[in-house]
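No lab work stands behind these numbers, since they all come straight from the coordinates. Worth saying up front: this structure is predicted, and the values here are computed from it rather than measured. Reconstructed Cβ throughout: ideal geometry from the backbone, glycine too, with neighbour counts over all protein chains shown.
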Amino acid sequence: MSTTFDTSTTDPTEIIDPTTNGAAGSGTRAQSATASTERLAAELAAIGDPTDERGATDRALVGIVEATRSAVETTPGAASVTFSTTGHATGAVATALLSRGHAWLVDEPGSLGGDDEALNPVEAALGAFLACQTVTYRFWAARLGIRLDDLQLDAEGDLDVRGFFGLEPGVRPGFSRVRVRVRPSGPETAERYAELARVVDEHCPVLDLFANTTPVETTLVTG
């Protein structure tokens, strides 16, 4: 996987509730709250004018980070969350999906047996990657005090269909390479945006899925 960082144009779902304190003692909670308050103050101080829309959004994102940090410090088990999606086959090869009450459709073009009513699975994967990059850029720009006025991203992946159709042994069915192009806009220097890009790639969950092996467990239900 390769990422191109372009500076040529440079110029919440539900969060963990910090009020659910678990069994920690009052002294531990007080120390944790003090440390979190100090961190929050430092990070908010790095953000510009809080009265403009971007500044207000950045302050809200930092607040989410600190609320989560406080909850996890008090109840470490709260850091582990599970996301889920359900699907039902429809049409020729399409799938109707439901995620947190949001309905979406994945299909294939006619050349791959579908009705071309929606993006296909690998396009959805690339879209999820770019969307996760956007979320990660926004949170970390806010935390680092880096002004990010706009963000444009492109991704493309190379796939050999012989792997999917079983036409050639040894050909993997998934992407052999993914390329990402990121174009931030704002008043910061190219060096600051490069710093942000490095941190984002260290913390982006979907990039981690693409770049690293994740155990997958499948259960077949036939009765």
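Numbers below:
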| read-out | value |
| --- | --- |
| For segment 94-202, alpha-carbon Rg over 2.2 N^0.38 Å | 1.35 |
| Extension gain from residue 93 to residue 128, taking 0.36 nm per residue of separation minus the Cα-Cα distance | 10.6 nm |
| Separation in nanometres of the label points that stand 7 Å from Cα toward Cβ, at residue 104 and residue 85 | 0.6 nm |
| R0 of 35 Å, Cβ-Cβ distance residue 52-residue 152: FRET efficiency to nearest 0.05 | 0.95 |
| Relative packing of peptides 83-90, 101-108, 195-202 - highest average C-beta neighbours within 10 Å first | 195-202, 101-108, 83-90 |
| FRET efficiency for residue 189 and residue 1, using Cβ-Cβ distance with R0 set to 30 Å, rounded to 0.05 | 0.70 |
| Convex hull per residue volume in Å³, alpha carbons only, for segment 174-223 | 129 Å³ |
| Spin-label model distance (nm) - residue 177 vs residue 116, 7 Å beyond Cα toward Cβ | 2.8 nm |
